[in-house]
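The structure appears right after this line, and notes come after that.
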Amino acid sequence: MEIGGRPLRLGSKQSSYRLGCRVIQQDGDLISDLTVFDNLCLTSGYPSRWGTVRRRYAEALAAQEIERLDLKFKPSDRVGDLTMAERTGVALVRALQRDERYPAKFLILDEPTATMPSQDVDHLAKIVRRVAAQGVGVLYVSHRLQEIFAVADQVTVIRDGRIVVTSDVRHQTERSLAELISGHEIRKVSVRNAAPASEANALLTVRKLVAGPIREVSLQVAAGEIVGVVGITGSGREALLASIFGAAVRTAGHVNIEGRTLPQSRTDLSVARGMAFLPADRKVHGGVMDLSARENLTLANLGPFWRRGWLSLRTERAEARVWLERLDVHPRDGLERPLATFSGGNQQKLMFAKWLRCRPKIFLLDEPTQGVDVSAKEEIHQLILDIAKSGSAVLICSSDLEEITAVCHRVLVLHEGQIVCEVNHSQVSMDILTNLVLGVDDSMAAAQ
Amino acid sequence: MTTIRRFSFGVDRLSGLYLAGLLIVVFGIWIPHLFLTTSTLHTIADEEPVTMMLGLGVLIPLIGGNFDLSVGAVANLSGILAVVMQNNHHWSVGESIALALVSSIFIGMVNGFLIVKWHVNSFIVTLGMSTLLAALLDIVTANSQPLIPSSHLWNNLATFQVGGFEAYVFYAFICAFIVWWVLDHTPFGRYLYAIGANKEASKLAGVRVDRWVWMSMVMSATISGVAGVLYCSASGPALTFGPSLLLPAFAACFLGATQLRPGRFNVWGSVLAVYVLAIGVSGLQLVTGQQWINEMFNGVALIGAVSFAVWRQESAKKVRRRAIDGENSYDEELAEGERHLLIDGGGGPKGDLRPPTEEVGAGPSDKGHYE
């Protein structure tokens, strides 16, 4: 790789900085308890005299930098008090701070609008264009197609890790881009046939749920049904399952399992009443990485091994071994190895085994195959189908549309915290879903 | 991993035992007439029961990820309370001990309440609590050391001889046995280890995090209360014995976490640590006759043992990483383009520019904590 004709040493942040490359991560990685000024100076260094920070001088300098991008906040504002767009602005200012020795030449923005409300997006687009006008190259990665047309001159479509096309934005429409992103081949659909859920036969009923980014969601899942939820990052997709499960605070609405209301923040009751929740982030929320596979496997239900005041390690091991066998977890003799030493796919299988042991009636799966290799992914999909076949209700949130297409009977599209449309099984296809998720209007009409 | 363990003769897990053996051999050769005697054995055994029990008290919350800095103060108050009730109010031994334990349990409940319900950091809660208890102790005793109660039962409670050992050595081991059962053989212990390792994931697995954390604080205070009563019975009602035992108790836990099951706080590791230190200290004291040797040896041993354990873990990790890289047969030239995708695609944690191995797992999540 080269930047400005000079080779970039891979794996060195410093090298890429010196060549003028600046990166803005999705969440800006700012310290929200500090002021804008402090955040800026942590990168560039505090100007000082005799070891004392020259505060007034530095703040003036920071104010200048902010003004250069025509942003509205002050250096003394606390980052945590700013809006999402302003925070991205801070990250931008920080990235583009004047540096005489290594001036910024090239800016990478990775999904800067993922968690941003739409009015802020327009503002950001303006800022980005202004940056580009100052002679900085911008690489802008995004899910949202409208933004591409607002911001970009040239667009490159990547699918499955390969570049599909690079072309001038003027030669593309939202429609054509969506097609390029999804690819034309529509996958063979493997499941079908489910009774559509109604109030009467619903195992899980969610009524007017409001929680964080979720503005109002009602849905039902029947026994044996697999329902998918899709939506771009920031649509509330990531928060939905946690709030149904009771791990995140619900501000309004009800969650019923077979007609019984589930109380707030009592995950133990959710589990006891037959709900299982597989969080998206295995390392932080899913598994206890430092404990062994066996301990993770049995954590949710130790009852069967608790006999006469003693946990029977022998029956526990025996049962754990059976599950490792059944879900084909490798290494097979890894019962006592810490969960962290397993590969992503095997960790995920262990997480499934943990819940399958409890025989839940409702499975909530958040990104069930994230960070999982291709073959394990197939196995996990088969597992999900088997779970539904055995009479459980399954609700999947996923950003992987292919996955949704492959396993779901019914798909709900989430947009800005609300379900905007429902696609039932005869219509589920990659194309339609891609268009819906990306918000291309005419296909929304076609689906309804 | 396995290869390391095979050739290391359990150095990682049993370094304490090896060290104990080494100390015994060294002192046995150096000063056989002083060291290799039954009286030394009894001294070593009798010296440590209270440290050991307080260590067990600290251990339980520590496993669940909470500090209990109030164990010393609880022990002190509990012991003194039992004495004062006998002296000033003519309560029987049983009644006064019962009151001491009930108040310990109550203190544990208050600690737990503040940690669980008000979400105050355990470090702060128990630090504040121990200061508060010191004040209570002043009130109870009017700041003068109480007399030793005349009751025969009280005075022999901890010190009657069983096979040459004082009884409270056995109490301490019974206590260790119970704590071991609780931690290793009940669901409570299992939950506690899980909570300590990942509170969020435990909660999402349906574990009642709050309840078990609370209970761990109560158990810690209870054990401390018992230890305090035994100490006052054996060594007299001192006003400031508790706080000076706090650090040795923590040291025992941290040292213990390098033993038997490295990386995990565990009961027998802590017990082993206590006694290895006792052997070293008493041997050195016989040789030099100096008081400061005690503190010096404890400090050096704690830092040394933990550094050693950290170093062993790091090197084991390095070997494992190399093995994984080897398995993937990562080819520099071929994978150059791919690697850039991997790095930019956010395979590993931020700032980690190694090619993501299987170990790294899923990418960073944009999701916050659920609370």
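Quick notes on this one:
- A crude spin-label estimate for the pair B:Thr38 and B:Val310, with each label 7 Å from Cα along the Cβ direction, gives 4.5 nm.
- Close amide H partners of A:Ala211, meaning residues 5 or more places away or on another chain with modelled amide H under 5 Å apart, are A:Thr251.
- Cα-based shape type of segment B:57-170, given that a ≥ b ≥ c are square roots of the gyration tensor eigenvalues and the cut on a/c is 1.5: oblate
- A:Arg162-A:Leu313 FRET efficiency (beta carbon distance; Förster radius 60 Å; 0.05 resolution): 0.75
- Whole-Å distance, taken between Cα centres, linking segment A:372-429 and segment B:236-277: 52
- Of the residues A:Arg308, A:Arg294, A:Arg55, the one with the largest accessible area comes first in the ranking A:Arg308, A:Arg55, A:Arg294, computed with a 1.4 Å probe on protein heavy atoms.
- Each residue of segment A:302-314 was assigned a 3J(HN,Hα) from its phi angle through the Karplus expression (A = 6.51, B = -1.76, C = 1.60, θ = phi - 60°), giving 9, x, x, 9, 8, 10, 6, x, 8, 7, 7, 5, 5 Hz with x at Gly and Pro.
- Applying the Karplus relation 6.51 cos²θ - 1.76 cosθ + 1.60 with θ = phi - 60° to segment B:99-106 yields 3J(HN,Hα) values of 4, 4, 5, 4, 5, 4, 4, 4 Hz, where x marks Gly and Pro.
- For the protein assembly as shown, accessible area per residue (1.4 Å probe, heavy atoms of protein chains only), Å²: 47
- Note, ³J(HN,Hα) from phi for segment B:147-160, Karplus 6.51, -1.76, 1.60, rounded to Hz, x at Gly and Pro: 6, 6, x, 7, 4, 5, 4, 4, 6, 9, 3, 9, 10, 5
- Amide H contacts for A:His415 (H built 1.01 Å from N in the peptide plane; partners 5 or more residues away or on another chain; cut-off under 5 Å): A:Val420.
- Placing dummy labels 7 Å off each Cα toward the beta-carbon, the span from B:Met296 to A:Gln382 is 6.8 nm.
- Greater than 19 Å apart at Cα, pairs in B:Lys117/B:Lys203; A:Lys13/A:Lys105; A:Lys283/A:Lys389; A:Lys13/A:Lys126: A:Lys283/A:Lys389; A:Lys13/A:Lys126
- DSSP-defined antiparallel bridges as percent of all bridges, the protein assembly as shown, nearest 5: 55
- Per-residue ellipticity at 222 nm from helix content only, as computed over chain A with -39500 (n - 2.57) for each DSSP H run of at least four residues, stands at -10500 deg cm²/dmol.
- Inter-chain Cβ neighbour average for residues A:287-294, partner chain, 10 Å: 5
- Spin-label zone in segment A:292-315 - amide nitrogen under 19 Å from a point set 7 Å from the Cα of A:Glu336 along the C-beta vector: A:292-299, A:311-315
- The figure for A:Val420 is an accessible area of roughly 60 square angstrom, using a 1.4 Å probe on the protein chains alone.
- If R0 equals 56 Å, the separation of the Cβ atoms of A:Arg6 and B:Leu239 corresponds to a calculated FRET efficiency of about 0.20.
- Highest-MSF residue in chain A out of A:Trp306, A:Trp50, A:Trp323 [GNM, Cα springs under 10 Å]: A:Trp50
- Mean Cβ neighbour count within 10 Å, used as a protection proxy, ranking B:144-156, A:121-133, B:263-275 highest first: B:263-275, A:121-133, B:144-156
- Check: segment A:202-447 dipole with +1 on Lys, Arg Cβ and -1 on Asp, Glu Cβ, in debye: 1360
- Our summary of shape: the Cα atoms of segment A:2-152 have principal axis extents of 50, 39, 26 Å, ordered from largest down, in whole angstrom.
- Acute angle (nearest 10 degrees) that the helix A:118-133 long axis makes with the longest principal axis of chain A, alpha-carbon atoms: 40
- For segment B:49-245: relative contact order, % (alpha-carbon pairs under 8 angstrom, 6 or more apart): 46
- Average 1/r across all pairs of distinct alpha carbons in the protein assembly as shown, invert it, and you get the Kirkwood radius: 30.6 Å.
- Result for chain A in a Gaussian network model with C-alpha springs under 10 Å: among A:Ser48, A:Ser16, A:Ser243, the largest mean-square fluctuation is at A:Ser48.
- Between the Cα long axis of helix A:344-356 and the first principal axis of chain A there is an angle of about 40°, rounded to the nearest 10.
- Top positive-direction residue, dipole computed over the protein assembly as shown with Cβ charges, set B:Ser220, B:Trp292, A:Leu291: B:Trp292
- FRET efficiency, A:Thr43 to A:Val141 (Cβ-Cβ, R0 25 Å, nearest 0.05): 0.70
- Long-range HN-HN contacts of A:Ile158 with modeled amide H, under 5 Å: A:Val164
The values are calculated or read from the model by the stated rules, or taken from the named source; none is laboratory data. Quick caveat: nothing in here was measured; it's all calculated off a predicted structure. FYI the Cβ positions are ideal-geometry reconstructions off the backbone, even for glycines, and counts take in every protein chain you see. The protein model used for the area step is the full one, side chains on, heavy atoms only, and it has no ligands, DNA or RNA in it. Shrake-Rupley method; radii C 1.70, N 1.55, O 1.52, S 1.80 Å.
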